[in-house]
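The values are calculated or read from the model by the stated rules, or taken from the named source; none is laboratory data. Predicted model only: the values in this text are computed from it and were never measured. Using ideal geometry, Cβ is built from the backbone for each residue, glycine included, and neighbour counts are taken over all protein chains shown. Side chains are part of the model used for accessible areas, which takes the heavy atoms of the whole protein and leaves out ligands, DNA and RNA. Shrake-Rupley method; radii C 1.70, N 1.55, O 1.52, S 1.80 Å.
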Amino acid sequence: MNATIFLVVLLINYAAASTGSVHIRGRLLCNGRPYAREKIQIWEKNFALADTMLIHAVTDNDGYFDLQGSITETMMSPLLYAYFVNYYLRPPRN
């Protein structure tokens, strides 16, 4: 009896699941030049716990990147975002 009730609850949660998918590609530039070997990450925003990193990659020598990721949530629709760090260095003044 307990196994049947657990299975029904599990199926209801699975039926209410939402999937979030993202595909980003582009070119990262800094001061008009390709930003090579920079980390690009896709994260899922969690409101109660720490955010979850789904996938990561590094730009190629010309600054290009291509990332795809997806996640299925049972409680709410997933919120995905891309993250990269760009330490902008200003050119010296003359």
Residues within the stretch 25-51 that are surrounded by 14 or more Cβ atoms within 10 Å (Cβ to Cβ) and touching a Pro at 6+ places or on another chain (Cβ under 9 Å), tallied:
2
Filter the stretch 1-24 down to the residues that are surrounded by 11 or more Cβ atoms within 10 Å (Cβ to Cβ) and modelled with pLDDT of 85 or more and list them by number.
ILE24
Looking only at the stretch 15-51, which residues are assigned to a loop (DSSP other than H, G, I, E, B), under 16 Å from LEU80 (Cα atoms) and in contact (Cβ under 8 Å) with a residue 40 or more places away in the chain?
ALA17
Take the residues in the stretch 52-80 that are assigned to a strand (DSSP E or B) and touching a Pro at 6+ places or on another chain (Cβ under 9 Å); name whichever of them is most open to solvent (accessible area, probe 1.4 Å).
TYR64
